[in-house]
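J.: Have a look at this one.
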Amino acid sequence: MTVDDSWYLLLSALLFTIGSLGVLTRRNSIVVFMCVELMLNAVNLTFVTFSSVLDDIAGQVVVFFVLVVAAAEVVVGLGIIVAILRRRPNATADDVSLLRG
Amino acid sequence: MIVETVVFAVAAVVILVGAVGVVAARNPVHSALMLVMTLFGVAVLFVAQGAHFLAAVQVIVYAGAIVVLFLFVIMLLGVDTAENLGTEPLAGQRPATSVFAVLSVSLLALLGVRAVQVSTGARSVTASLEDGRSNVEVLAEALFTDYVFAFEVTSVLLVIAVVGAVVMARRPRREPADDEAAAAEAPPAGAGSEAA
């Protein structure tokens with residue numbers, strides 16, 4: 001592989017950080033979910049990179065399971081958002097703060 | 001080959017622009033479209049690394065199903081009024097997150113690069129990628145032999161997720177009252193009628 005594997009890992013680190021910045025700063029909960037997807041994709045990229053570094057299929061198997069878990073997570077999360085929006089006008093993170101203490 | 005370098009550079013730019021767009025777009029619909037762009041870029045890098053099956057699944061499941069689900073919910077609930085990103089609800093949040101960003105990138109990049117350099121793990125423990133068979137064959141064999149238990153548990157997880165989504169998104173039998181006091185009373189009554 002002519003492109004050094006470190007470049008893939010650097011790109012993955014950047015992608016993960018952008019996603020976590022979105023989770024920390026955005027208040028629209030749907031956008032927060034999308035940023036979680038960005039972080040999952042960064043991790044998937046790392047797994048595939050190490051799969052090719054170590055010449056082992058196991059990394060790609062893990063990515064397959066991550067995809068399934070991500071799909072399940074989005075289904076349940078959007079269900080929760082729909083349930084919240086049925087009771088109150090919007091679902092930003094500031095509106096759902098009853099347990100804040 | 002210069003081609004691989006060019007492919008990586010273009011895909012990296014697409015991924016990063018898309019990721020920044022997801023975080024920075026004021027309209028959630030624009031965020032979803034930028035997310036599609038990022039996912040396609042990651043799929044291209046999967047192809048570049050020989051993970052052909054995962055690239056296909058990435059496009060079909062992520063771009064085809066998950067983002068459509070996002071867009072469906074956004075459109076179903078009405079496009080939120082564009083969030084005002086200029087205001088800062090928590091004092092000092094933006095500076096703190098920028099410090100976090102620098103630390104996070106440097107730590108993760110250092111960790112990854114160092115792991116590649118010093119990795120002494122055994123190669124090709126599960127199955128080699130380069131034994132003449134296609135990527136799909138190797139992946140399928142690993143999935144249905146070594147990882148078959150995890151695969152079956154995954155199906156249970158999906159059933160649980162479907163049931164959970166139905167339970168939460170289902171319209172309750174009694175319409176919830178508007179004020180908080182009546183809303184607090186409503187769940188026991190609804191639960192009682194369901195049990196009966």
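J.: Would you check if A:V75 is over 16 Å from the mean Cα position of the chain (by Cα), at the interface with chain B (Cβ under 7 Å from one of its Cβ atoms), among the aliphatic types (A, V, I, L, M) and buried (at least 18 other Cβ atoms within 10 Å of the Cβ)? Write out each step before concluding.
T.: Values: over 16 Å from the mean Cα position of the chain (by Cα): no; at the interface with chain B (Cβ under 7 Å from one of its Cβ atoms): yes; among the aliphatic types (A, V, I, L, M): yes; buried (at least 18 other Cβ atoms within 10 Å of the Cβ): yes.
No; evaluated as a whole, the condition is false for this residue.
J.: Moving to a separate point now. Return yes or no: is B:G41 surrounded by 20 or more Cβ atoms within 10 Å (Cβ to Cβ) and closer than 13 Å to A:G22 by Cα?
T.: Details: surrounded by 20 or more Cβ atoms within 10 Å (Cβ to Cβ): yes; closer than 13 Å to A:G22 by Cα: no.
For B:G41, the condition - surrounded by 20 or more Cβ atoms within 10 Å (Cβ to Cβ) and closer than 13 Å to A:G22 by Cα - is not met.
J.: Here's another thing I want to ask about it. Contact list please: Cβ distance under 6 Å, first residue in segment B:113-142 and within 20 Å of A:Y8 (Cβ to Cβ) and open to solvent by 70 Å² or more (accessible area, probe 1.4 Å), second residue among the acidic types (D, E) and modelled with pLDDT of 75 or more, pairs at least six apart or on different chains.
T.: B:R123/A:D55
J.: B:L157 - would you say it is facing chain A (nearest Cβ under 7 Å) and either at pLDDT 85 or above or surrounded by 12 or more Cβ atoms within 10 Å (Cβ to Cβ) (or both)? Walk me through it before giving the result.
T.: Values: facing chain A (nearest Cβ under 7 Å): yes; either at pLDDT 85 or above or surrounded by 12 or more Cβ atoms within 10 Å (Cβ to Cβ) (or both): yes.
So B:L157 fits the description; yes.
J.: Identify all residues within segment A:21-40 that are out of contact with any helix residue (DSSP H, G or I) (no Cβ under 6 Å at 6 or more places or on another chain) and free of Cβ contacts under 8 Å to residues at least 60 places away in the same chain; write none if there are none.
T.: Those that are out of contact with any helix residue (DSSP H, G or I) (no Cβ under 6 Å at 6 or more places or on another chain) and free of Cβ contacts under 8 Å to residues at least 60 places away in the same chain: A:V36, A:E37.
J.: Hey, among B:F46, B:F8, B:F53, which residue is touching a residue at least 12 places away in the same chain (Cβ under 8 Å), within 17 Å of the chain's Cα centre (by Cα) and part of a helix (DSSP H, G or I)?
T.: Working: B:F8 fails: within 17 Å of the chain's Cα centre (by Cα); B:F53 fails: within 17 Å of the chain's Cα centre (by Cα).
None of the others qualify; the one that does is B:F46.
J.: Looking for whichever is closer than 22 Å to B:L129 by Cβ, touching a residue at least 24 places away in the same chain (Cβ under 8 Å), open to solvent by 10 Å² or more (accessible area, probe 1.4 Å) and within 7 Å of another protein chain (Cβ to nearest Cβ) here; the options are A:V43, A:V66, A:V53. Which one fits?
T.: Working: A:V43 fails: within 7 Å of another protein chain (Cβ to nearest Cβ); A:V66 fails: within 7 Å of another protein chain (Cβ to nearest Cβ).
The match here is A:V53.
The values are calculated or read from the model by the stated rules, or taken from the named source; none is laboratory data. What you see is a predicted model, and the numbers here were worked out from it, not measured in a lab. As a convention, Cβ positions derive from the backbone with ideal geometry for all residues, glycine included, and neighbour counts pool all protein chains shown. Just so you know, the surface numbers come from the protein's heavy atoms only, side chains and all, with ligands and any DNA or RNA stripped out. Shrake-Rupley method; radii C 1.70, N 1.55, O 1.52, S 1.80 Å.
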